[in-house]
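Below: the structure, in structure tokens.
What follows is calculated from the coordinates using simple rules that are stated; it is not laboratory data. Because the structure is a prediction, the values reported are computed rather than measured. Using ideal geometry, Cβ is built from the backbone for each residue, glycine included, and neighbour counts are taken over all protein chains shown.
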Amino acid sequence: MVEFTEQAYDDMLEHAHDGVPHEICGVLAGDRDTGVVEDVVRVENVSDTPRTNYMMEPEKQLEAVDEVEEERGLDVVGFYHSHPEGPEHPSETDEARATWPDHTYVIVSLGPEEPWVGAWTWTGHEFLKQDVDVGGRGEN
Amino acid sequence: MKVTADVKNGDVHDVELADDAVYAELLDALGFNPEAAVVLVDGRPVPEDARVDAEDVVVMRTLSGG
């Protein structure tokens, strides 16, 4: 299970809304052992097709990872990105390009309904669905 | 030559390479597809076809999707 603090969850949703109509992306910072996400770090989406894809520039990705690990003393729990118009699951592209085994991939879907947040663990071969909780509320 | 590769959120590996090796060969030695990871030297990505001239590098799995 992934458990967001309310602040981290709200920051991630705000990032997703700010990015519309483009996808946004970032790093989930917290404790990998417990799955608690305490903070999110925004990373610019440099994809040439940002409405339907995301890409982190390696230099900026490294800066974000170092910020999480060295400056804040937290773990990289995983990563998040948005689907401004859905779907509420990893796309074929997400699966084809997944590279961080045993890390959490979170998707914020902003379809016509309320925002929906889903989380998956990339095993190295497939995405396994995880439960998502926010501040102990029991969200998804 | 020996290169120390800090794989982010992974392990640190000492890799022995030919003196004229390029960074793609370093990724290959570590088991990475060049499309799935990049080598950074002093925090900056280096081309995979560039000759290895650093003793300490960072290897970062790339992040992209749809």
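If you go through segment A:57-80 and pick out every residue that is part of a loop (DSSP other than H, G, I, E, B) and within 24 Å of A:HIS22 (Cα to Cα), you end up with 1. Of all the residues in segment A:10-54, those that are within 25 Å of A:GLY73 (Cβ to Cβ), of a type in the set (Gly, Ala, Ser) and within 14 Å of chain B (Cβ to nearest Cβ) number 3.
Scanning segment A:1-53 for residues that are touching a Ser or Thr at 6+ places or on another chain (Cβ under 7 Å), closer than 20 Å to A:GLY86 by Cα and of a type in the set (D, E, K, R) yields a single hit, A:GLU23. All of (1) within 17 Å of B:GLY10 (Cβ to Cβ); (2) facing chain B (nearest Cβ under 8 Å); (3) without any contact (Cβ under 8 Å) to a residue 12 or more places away in the chain; (4) not polar (S, T, N, Q) hold for A:GLU69 with one exception: (2). Evaluate segment A:88-102: report whether one residue or more is of a type in the set (A, V, I, L, M) and in a strand (DSSP E or B). Looking through segment A:88-102, none of the residues is of a type in the set (A, V, I, L, M) and in a strand (DSSP E or B).
Rundown of residues vs (1) surrounded by fewer than 20 Cβ atoms within 10 Å (Cβ to Cβ); (2) touching a Lys or Arg at 6+ places or on another chain (Cβ under 7 Å); (3) in contact (Cβ under 8 Å) with a residue 40 or more places away in the chain; (4) not in a strand (DSSP E or B), yes/no style:
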| position | (1), (2), (3), (4) |
| --- | --- |
| A:GLY26 | no, yes, yes, no |
| A:THR49 | yes, no, no, yes |
| A:MET55 | no, no, no, no |
| A:GLU114 | yes, no, no, yes |
| A:TRP120 | no, yes, no, no |
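Taking only segment B:26-41 into account, find how many residues are surrounded by fewer than 19 Cβ atoms within 10 Å (Cβ to Cβ) and either under 22 Å from A:MET55 (Cβ atoms) or more than 12 Å from chain A (Cβ to nearest Cβ) (or both). Of the residues in that region, 8 qualify.
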